[in-house]
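These notes concern the structure reproduced below.
The values are calculated or read from the model by the stated rules, or taken from the named source; none is laboratory data. If you're wondering where the values come from, they're calculated on a predicted model, not measured in any experiment. Cβ coordinates were reconstructed from backbone atoms using ideal geometry, including for glycine residues, and neighbour counts include every protein chain displayed. Note: areas computed on protein heavy atoms with side chains; ligands, DNA, RNA excluded. Shrake-Rupley method; radii C 1.70, N 1.55, O 1.52, S 1.80 Å.
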Amino acid sequence: MVDPRSSAVAEASPDATLSDVTTSTRVPAIMLLLTCSTLVGCRSDVNAVATATTVGSTPVVATPSVPAITVGTTTSVPSTTMTASTTTPPPTSTATTATTTTTTTAPAPATTAVAAPPTTTERVGSIYDVRPRSELPSPPLPEGWTTEFLGTSVAGRDITMLVRPVDSPTRGILVVGGIHGNEPASPPTVRALVDATYGDDVAVWLVPELNPDGVAAGTRWNANGVDLNRNFNWGWRVSDGGPRPLSEPETQAITGFIERTRPGLVVWVHQPYGYVGSVGTTAREFESAWSAGSGLPTRSGVTQHGGGESWTVFEAELPAVLVEIDTWGATEEIVAAQLAGFRALLAELGWDA
């Protein structure tokens, strides 16, 4: 994890802590914490290195294979890519907006992490703790919005999507929350975005709970015991990414949707580390706009091995923004702050009218 106050740039797990910096060879946390990978109650993450007493070679955990599923959606979308900025694949990528062009070299998945921001009172607690889903009420769907089927979880729960369909979309934005089931502010934040103002030609897709099994259980992982934000096929690692890249039906569903629709921007919502970052070649104006609206500090250069936000940029070649809400809480004030950040982002894009 990168301290928002630091200028250091390296691969930094959004969930990493200072203990990750002890050595460039880390014991995969999934081997330290798991003996029963199929139980939802078990969890692991690179953050768990702090509890290790033995450093050795990387063992391999056999996680039950998840059969591939056919992901369906009732939303009819155009085949034309709707872009907020332009990216190109590694090693060199370019993101372009109407006013700004940013060029950078796409990083290779690194083997070290850097220090996380200091722990605050609001962040006390482990990323492995069980946390119940938020009781915040969902806002009513505005006229014209629909609820669509995106896919099915390991335990058979529907992965649903709130959709603002438009007749002739030229721009589109996707926001994904509930990737980790014990991050209770993420789903209500995504649901609240139905109250933003959008231009007539802007298609919107909101996925409040990509991991409905984890949300139901209050656990980080899905029902197979896999951390979904290590299961994407950019920088995937056998140590903590599940049995293979995109082994899980949840990651299959979202990557399939992104590849089909090619939204102009994808936003991934997590907590509790307190920053907003434009990933890879994504224009820095996007993180600055969300920061100005929400009060979150910016953090540039963040990547995550096996992470959805990094996969979006470096594999799907689309711009992405990573939002880390700055607390474990889930209150109306927290949600309202992120809605304000999202509105500022839409204004920066010119997509609010």
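Using all pairs of distinct alpha-carbon atoms, the Kirkwood hydrodynamic radius of the stretch 149-208 works out to 12.5 angstrom.
For W328, the accessible area of its heavy atoms, probed at 1.4 Å with every protein chain present, is near 20 square angstrom.
Give, as a single signed number, the net charge of other residues whose beta carbon lies under 11 Å from the beta carbon of V207, with Lys and Arg counted +1 and Asp and Glu -1. Summing Lys and Arg as +1 and Asp and Glu as -1 gives -2. For A155, neighbours were defined as the other residues whose beta-carbon sits under 12 Å from its Cβ, and their charges (Lys and Arg +1, Asp and Glu -1) total -3.
Post the alpha-carbon centroid distance, the stretch 248-278 to the stretch 282-353, in whole angstrom. Value for the Cα centre distance between the two parts: 11 Å.
For the stretch 127-196, applying the loop criterion from DSSP together with a ceiling of 15 other beta carbons within 10 Å to the GluC sites (Glu not before Pro) yields E135, E143. Karplus-derived 3J(HN,Hα) values for the stretch 325-335, using 6.51 cos²θ - 1.76 cosθ + 1.60 with θ = phi - 60°, are 4, 8, 6, 7, x, 9, 10, 4, 5, 5, 5 Hz; glycine and proline are entered as x. The local environment of R133, defined by Cβ-Cβ distances under 15 Å, has a net charge of -1 under the rule Lys, Arg +1 and Asp, Glu -1.
Using a 1.4 Å probe over the heavy atoms of the protein chains, calculate the carbon and sulfur portion of the accessible area of the stretch 137-238 as a whole percent.
Values: 1400 of 2980 Å².
Answer for the stretch 137-238 is 47 percent, counting heavy atoms of protein chains only.
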